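Enquirer: Handing you this structure, nothing more for now.
The values are calculated or read from the model by the stated rules, or taken from the named source; none is laboratory data. As the structure is a computational prediction, the values presented were derived from the model and not from experiment. With ideal geometry, Cβ positions are generated from the backbone for all residues, glycine too; neighbour counts draw on all protein chains shown. The protein model used for the area step is the full one, side chains on, heavy atoms only, and it has no ligands, DNA or RNA in it. Shrake-Rupley method; radii C 1.70, N 1.55, O 1.52, S 1.80 Å.
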Amino acid sequence: MDLNSASTVVLQVLTQATSQDTAVLKPAEEQLKQWETQPGFYSVLLNIFTNHSLDVNVRWLAVLYFKNGIDRYWRRVAPHALSEEEKTTLRAGLITNFNEPVNQIATQISVLIAKVARVDCPRQWPELIPTLVESVKVQDDLQQHRALLTFYHVTKTLASKRLAADRKLFYDLTSSIYSFTCSLWNHHTDTFLQQICTGDEAAAANSLERTLLSLKVLRKLTVHGFVEPHWNAEVMGFLHAVFERLKQFLQCSRSIRAESICRDRLEKTIILFTKVLLDFLDQHPFSFTALIQRSLEFSVSYVFTEAGEGVVFEQFIVQCMNLIKMIVKNYAYKPSKNIEDSSPETLEAHKIKTAFFTYPTLMEICRRLVTHYFLLTKEELTMWEEDPESFTVEETGGDSWKYSLRPCTEVLFIDIFHEYNQTLTPVLLEMVHSLQGSTNMENTNAILIKDAVYNAVGLAAYELFDSVDFDQWFKNQLLAELQVSHDRYKPIRRRVIWLIGQWISVKFKSDLRPVLYEAIRNLLQDRDLVVSI
């Protein structure tokens, strides 16, 4: 396909392919499909989508056809594969300029460059990474951002390759650019913090976008770019710096308006910091040992003490709880029954955990989980009232514990209670004993506290098997609570039925079942409880 003569024709057909009229659209799509295997077609597309004077919709379509062509025809073994000569020209053209003005098109160009990099970098495309590194240093804001966006997508794609030879190439790449990427991230982060202090919110938003992108690159390099990252001082220095940066960003959130675009990006960056820690712990548990103490101190401080008041937000709390949970449950940190069979790394990690989770710390975590995070909110009570089935599904569905606050708190409670049940059982039983007897119907908070404690006893049913005489509790307390008909007591009636459901397969005498069935029969008159039963 001759570039000069074909460009006008291809441009015309692409324009027709953006039409809403199917009589015009369909023939254009058929023609483009026929051209997919024509030599020179993708060079024409490159010229079209890099021409900023053309219609945005036409350029967008040209990018999509180019991207689809990479998937189908870029590899040497593909039917109708592109010639090596044309691929060389295309690779050079893709990284000539990073000045795409339209965000959506810029993202698509970054993605298609990453697709080519997956196949060709570094062997057939050794100049890609050096070009990107130089381009993110330029002073022009647009070029710097577009190059950084591409740098992220390329790094993300290369990090996802799993063959041993590809892993080795990525390790080599990481060692060559890690120092530069750390410096880049620190530069953009410091710039953002300075601009926030001076009140320049528009400039701060741009710097924060670059901070976010450079942090995304660092996340991939840190998690996937080293075999034993704990031996690399720069990696461990970056991970320790994450905690300091998190504190700075959380403090920044106090001074940024809730409706500001900067606030949204700030929260995304804070969450990304936590993802760096979670991913590193998941991939390198023993390398994470040096971070266990600091991670627990940080997370517990912000989630379970006054330190987090006014600065934390729901998704950040969820991430911190997930971090605590992953440390508590991590099998790499659990010694064998025969201590001599455990590795020194496991024993060291276990020692750090044991030293942190003292009785006062565990007691405070348990009390705070139950009496603060387990409390039903007004929104939850309304949802339970209006759509109990959806409320139940939302509480228990799939991996919701990773992303939603209530399931996350309950899973953390279960895991900590299982790990430290001898310490926490007396704490929970004391909370139960303090709630025996009737509850003041006018005291909404007392009702919600009782609901939360009963929830905890249900979640910990298997751990409490030897410590709770559930049959006696049912006869002396729970049965009576099922018979309280006051409308304000509805949450407790619901919770007691759920609680019995948790315990009935654990510890419940068969001769008490007729009494239970009779109580349930009476409750069936309450239409709000049918789903729970």
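Enquirer: Return the pair list, or none, for Cβ contacts closer than 9 Å from residues in segment 18-36 that are under 27 Å from Leu82 (Cβ atoms) to residues that are open to solvent by 80 Å² or more (accessible area, probe 1.4 Å), at least 6 apart or on different chains.
Expert: Thr18/Asp55; Thr18/Asn57; Thr18/Trp60; Ala28/Gln12; Glu36/Arg72; Glu36/His80
Enquirer: Let me ask something else about it. Find all pairs meeting these conditions: Cβ atoms under 7 angstrom apart; at least six residues apart or on different chains; first residue within segment 187-209 and at negative phi; second residue surrounded by fewer than 18 Cβ atoms within 10 Å (Cβ to Cβ).
Expert: What qualifies is Leu193/Gln248; Gln195/Ala203; Ile196/Ser255; Glu201/Ser260; Ala205/Ile261; Asn206/Asp141; Ser207/Thr191.
Enquirer: I'm checking my understanding of the structure. Among residues of segment 254-275 that are in a loop (DSSP other than H, G, I, E, B) and in contact with a helix residue (DSSP H, G or I) (Cβ under 9 Å, 6 or more places away or on another chain), which one is surrounded by the fewest Cβ atoms within 10 Å (Cβ to Cβ)?
Expert: Among those that are in a loop (DSSP other than H, G, I, E, B) and in contact with a helix residue (DSSP H, G or I) (Cβ under 9 Å, 6 or more places away or on another chain), it is Arg257.
Enquirer: To continue, here is another question. Check segment 519-530 and report whether any residue there is under 30 Å from Pro360 (Cα atoms), in the same structural domain as Leu381 (by the TED database) and open to solvent by 30 Å² or more (accessible area, probe 1.4 Å).
Expert: no
Enquirer: Tell me, which helices (runs of 4 or more DSSP H) lie completely within segment 1-111 with 2 or more residues that are open to solvent by 40 Å² or more (accessible area, probe 1.4 Å) and of a type in the set (Phe, Trp, Tyr)?
Expert: Counting at least 2 such residues, we get 56-73.
Enquirer: May I pose another question? Would you please list the contacts, defined by Cβ atoms under 8 Å and residues six or more apart or on different chains, that run from a residue in segment 237-253 that is open to solvent by 40 Å² or more (accessible area, probe 1.4 Å) to a residue that is among the charged types (D, E, K, R) and modelled with pLDDT of 95 or more?
Expert: Cβ pairs passing all conditions: His240/Arg294.
Enquirer: If you don't mind, there's one more thing I want to ask. Is segment 450-465 home to any residue that is in a loop (DSSP other than H, G, I, E, B), in contact with a helix residue (DSSP H, G or I) (Cβ under 7 Å, 6 or more places away or on another chain), within 26 Å of Pro407 (Cα to Cα) and small (Gly, Ala, Ser)?
Expert: Looking for residues that are in a loop (DSSP other than H, G, I, E, B), in contact with a helix residue (DSSP H, G or I) (Cβ under 7 Å, 6 or more places away or on another chain), within 26 Å of Pro407 (Cα to Cα) and small (Gly, Ala, Ser), one finds at least one in segment 450-465, hence yes.
Enquirer: Looking only at segment 436-477, how many residues end up being over 20 Å from Phe417 (Cα atoms), of a type in the set (A, V, I, L, M) and open to solvent by 20 Å² or more (accessible area, probe 1.4 Å)?
Expert: 3
Enquirer: Being open to solvent by less than 30 Å² (accessible area, probe 1.4 Å) and either among the β-branched types (Val, Ile, Thr) or touching a strand residue (DSSP E or B) at 6+ places or on another chain (Cβ under 9 Å) (or both), is that true of even one residue in segment 204-215?
Expert: yes
Enquirer: Only residues in segment 304-316 that are within 19 Å of Phe273 (Cα to Cα) count as the first member; pair them with residues that are aliphatic (A, V, I, L, M), Cβ under 6 angstrom, at least 6 apart or cross-chain, and list the lot.
Expert: Correct list of pairs: Val311/Leu250; Glu314/Leu405; Gln315/Ile271; Phe316/Ile270.
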